[in-house]
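The values are calculated or read from the model by the stated rules, or taken from the named source; none is laboratory data. A quick note: this is a predicted structure, and the numbers were derived from the prediction, not measured. FYI the Cβ positions are ideal-geometry reconstructions off the backbone, even for glycines, and counts take in every protein chain you see.
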């Protein structure tokens, strides 16, 4: 089964909300009307993320082995070393008692995962950083800058 995360702008969400109100159905039901077999998680159960919200929470069931492998890959390729060091310290060495990364580390991870410009280092580090985002958060939250 494939999963799909849909990012909507505020304007797009308002349009969806307007349409759902006009049809007198919830947004979840609106999505289901387009694809009848789609499984849409209830809006009440899904945490909406915006760039201005608090830090992202780390998934409780993330794969520590996969994260360790990805951090080692960054260290081996000698790219994003500060990010690798911070992730190792904040998650692996603390026994994952944290619910989130520090703000600085989260911003650093998001910038590596979604670089503003591409160079030789970002070509190597970006795919790894995106994988780390998926392991930790379940999705790539984007750069988070306006």
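Counting just the residues of region 34-64 that are modelled with pLDDT under 80 and surrounded by 12 or more Cβ atoms within 10 Å (Cβ to Cβ), which one comes out nearest to residue 101 (Cα to Cα)?
Ranking the qualifying residues of region 34-64, first place goes to 55.
Go through 105, 122 for me and flag whichever is modelled with pLDDT under 95, closer than 19 Å to residue 66 by Cβ, in the same structural domain as residue 72 (by TED's automatic domain parsing) and in a helix (DSSP H, G or I).
Result of the check over 105, 122: 105.
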